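Reviewing the structure listed below.
The values are calculated or read from the model by the stated rules, or taken from the named source; none is laboratory data. Model, not experiment: these values are computed from the prediction. We place every Cβ from the backbone using ideal geometry, glycine too, and count neighbours over all the protein chains shown. SASA here: full protein model, heavy atoms, side chains in, ligands and nucleic acids out. Shrake-Rupley method; radii C 1.70, N 1.55, O 1.52, S 1.80 Å.
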Amino acid sequence: RAGESIVCDLRSDLFKAMLRQETAYLEETSTGDLITRLTSDVSLLQKFLTTDILSAARSTVMATGGLGFMLVTSPSLTLVSLCSLPPIFLSAKLLGSRIKKLQEGVQSELAKTTSK
């Protein structure tokens, strides 16, 4: 509920800020780009505030508990398991960068479509 309230306030503030922009800015920026930014960026923030934070907290608690159980059961096997994490994190980072570039392309195309 708090996340939804924050997003509602943010949408209102963004709309007011857009109305205060110089005419030149509004002429340079396509309507589709502005609409896409307002809707998709705020929707992403709403998802983050409402679901992703809770998911991250739950995952942190579960990982900490799992690591504790692993250490109690077999410290040497835990060390071997932890050594596999850096390559996994590196792969995730590289994949995340690629997905981010693709998402930027999708958003750009969506802005072009909306402005037509």
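See the values below:
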| quantity | calculated |
| --- | --- |
| In the chain, lysine pairs closer than 22 Å at Cα, eight or more apart or cross-chain | 6 |
| With DNA, RNA and ligands ignored, accessible area of Asp33 (1.4 Å probe; Å², nearest 10) | 50 |
| Over the chain: helical MRE at 222 nm, DSSP H runs n ≥ 4 each giving -39500 (n - 2.57), nearest 500 | -27000 deg cm²/dmol |
| Overall form of the range 42-101 per C-alpha gyration tensor (a/c, 1.5; a/b vs b/c) | oblate |
| The range 16-76: GluC sites (Glu not before Pro) in DSSP loop, at most 11 other beta carbons within 10 Å | Glu22 |
| The range 1-99: trypsin sites (Lys or Arg not before Pro) in DSSP loop, at most 14 other beta carbons within 10 Å | Arg1, Arg20 |
| Sites Leu19 and Val106 - FRET efficiency at Förster radius 25 Å, r taken between beta-carbons, to 0.05 | 0.35 |
| Contact order normalised by residue count of the chain, Cα under 8 Å, 6+ apart, percent | 52 |
| Share of alpha-carbon pairs per 5 Å distance bin for the chain, given as whole % | 2, 9, 11, 13, 15, 13, 10, 8, 7, 5, 4, 2, 1, 0 |
